[in-house]
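Structure first, commentary second.
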Amino acid sequence: PKKIIIDCDPGIDDALALTLAHGSPALDILGITTVGGNVDLGHTTGNALRLREFLGFPGIPITAGSAGALLRTPVNAAGVHGEHGLGEARLPEATLPPAEGHAADFIIDTLRAAPGEVTLVAIGPLTNVALALLKEPRIVEWAREFAILGGSYTRGNHSPAAEFNIAADPEAAAIVFDAGWTVTMIGLDVSRQALAVGEVVDRMRTMGRLGADLLVPCVEFYGMVTATEGPAIHDACAIAYLIDPSLVTVDPAVVQVETAGRFTSGMTVTDFVLGDRAPNALVGTSLDVPRFWDLVLEVYEDVARRIGG
Ligand code: BDR
Ligand code: CA
């Protein structure tokens with residue numbers, strides 16, 4: 001399996017993405033790192049810990065990172081994810097603490113220990129990844145692959161021009177895109193196709209405790225506040241891509257993050273016309289929606305069987 005580190009801000013769709021990553025035999029999670037984003041760092045870390053308890057992966061370290069953006073005042077998405085970040089999910093209290101140390105150091109140390117072997121994926125604001133890059137630029141060479149859920153080349157969701165994870169810390173995102181590696185950018189253009197429509201939720205309802213305590217209350221809460229056709233399960237798209245890259249079409253591009261714009265701060269300005277420039281990103285442009293849901297729901301069914309109830 002592919003070894004990965006997941007940097008996240010759970011967050012409803014983060015929790016659904018972590019469940020997918022944990023359940024997939026194609027991935028081996030070496031660690032989870034948390035960042036303030038959808039809700040504050042205390043809650044994103046607490047949610048990761050409770051999810052670990054619920055799903056039963058006590059051996060995977062969870063390391064907290066940055067509470068806020070590099071320069072900007074924190075924003076959050078509690079209006080979308082609920083005050084505590086996981087809607088109405090019912091997860092047990094965590095019995096195990098987070099790991100010692102800072103997320104950025106966990107990322108650096110884990111990549112350094114196995115150059116060329118470990119994939120890094122970020123599904124929250126990019127603050128921890130930027131801090132890791134500032135402290136140890138060689139992670140660019142050590143990472144096998146780096147992917148994010150974030151950005152967009154068509155529209156925003158936090159503002160007309162900017163997607164939430166980029167808008168939450170545009171300076172961090174600019175550091176990450178300018179670091180000299182290739183960023184696989186799975187953005188809203190892809191993730192807004194991953195809608196948990198009625199049939200998807202109906203199948204989740206058959207999944208015992210996993211469905212009743214996590215998936216259904218999360219998706220229903222998310223649905224109330226986001227879309228009419230069903231909410232977009234953004235973060236799961238980046239994980240699904242790592243499990244099976246053929247699910248997402250990606251095109252090379254030069255992506256630059258707007259940090260100065262009055263109306264466009266956090267925009268991922270994406271140029272598919274490369275000329276003689278080298279691309280710094282592979283940008284997701286479409287999702288094979290039926291195969292995406294087949295994959296996700298099959299993995300969830302497996303996890304549901306394992307945790308029972
Ligand atoms: C992203 O923003 C967050 O609210 C979600 O968890 C996801 O990572 C989508 O724009
Ligand atoms: Ca997220």
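The values are calculated or read from the model by the stated rules, or taken from the named source; none is laboratory data. Worth saying up front: this structure is predicted, and the values here are computed from it rather than measured. Heads up, the Cβs are rebuilt from the backbone with ideal geometry, glycines too, and the neighbour counts pull from every protein chain shown.
Considering the conditions (1) in contact (Cβ under 8 Å) with a residue 60 or more places away in the chain; (2) surrounded by 14 or more Cβ atoms within 10 Å (Cβ to Cβ); (3) on the phi > 0 side of the Ramachandran plot, G230 is excluded by exactly one of them, (1).
Considering segment 145-186, the residues that are of a type in the set (F, W, Y) and closer than 15 Å to P279 by Cβ include one that is farthest from ligand 2 (Cβ to nearest atom), namely W181. Out of segment 184-213, which residues are over 25 Å from G156 (Cβ atoms) and not aliphatic (A, V, I, L, M)? G198, E199, D202, R203, R205, T206, G208, R209, G211, D213, listed by residue number. Scanning segment 187-209 turns up one or more residues that are in contact (Cβ under 8 Å) with a residue 60 or more places away in the chain, away from ligand 2 (no atom under 16 Å from the Cβ) and on the phi > 0 side of the Ramachandran plot.
Selection within segment 78-134: residues that are part of a strand (DSSP E or B) and of a type outside the set (V, I, T). The member of this set that is nearest to ligand 2 (Cβ to nearest atom) is A122. Could you please find all residues in segment 248-281 being under 26 Å from P25 (Cα atoms) and surrounded by 22 or more Cβ atoms within 10 Å (Cβ to Cβ)? Correct list: V248 only. Of all residues in segment 127-143, those satisfying the criterion of being without any contact (Cβ under 8 Å) to a residue 60 or more places away in the chain and either touching a strand residue (DSSP E or B) at 6+ places or on another chain (Cβ under 9 Å) or under 27 Å from A15 (Cβ atoms) (or both) are A132, L133, I139, V140, W142, A143.
The residues of segment 46-89 that are more than 19 Å from A17 (Cβ to Cβ) and either in contact with a helix residue (DSSP H, G or I) (Cβ under 6 Å, 6 or more places away or on another chain) or not β-branched (V, I, T) (or both), listed by number, are P58, G59, S66, A67, G68, A69, L70, L71, R72, P74, G79, E83. N76 fulfils the conditions (1) buried (at least 24 other Cβ atoms within 10 Å of the Cβ); (2) within 14 Å of ligand 1 (Cβ to nearest atom); (3) among the polar types (S, T, N, Q); (4) under 24 Å from L131 (Cβ atoms) except for a single criterion, (1). Residues of segment 19-46 that are within 11 Å of ligand 1 (Cβ to nearest atom) and assigned to a helix (DSSP H, G or I): T44 alone. So which of Y222, Y241 ends up being surrounded by 20 or more Cβ atoms within 10 Å (Cβ to Cβ), within 16 Å of ligand 1 (Cβ to nearest atom) and farther than 20 Å from H81 by Cβ? Sole residue among the options that is surrounded by 20 or more Cβ atoms within 10 Å (Cβ to Cβ), within 16 Å of ligand 1 (Cβ to nearest atom) and farther than 20 Å from H81 by Cβ: Y241. Among the candidates E145, E163, E171, E141, the residue that is modelled with pLDDT of 95 or more, within 15 Å of ligand 1 (Cβ to nearest atom) and acidic (D, E) is uniquely E163. Quick one: is T184 buried (at least 17 other Cβ atoms within 10 Å of the Cβ) and among the polar types (S, T, N, Q)? Yes: the conditions hold for T184.
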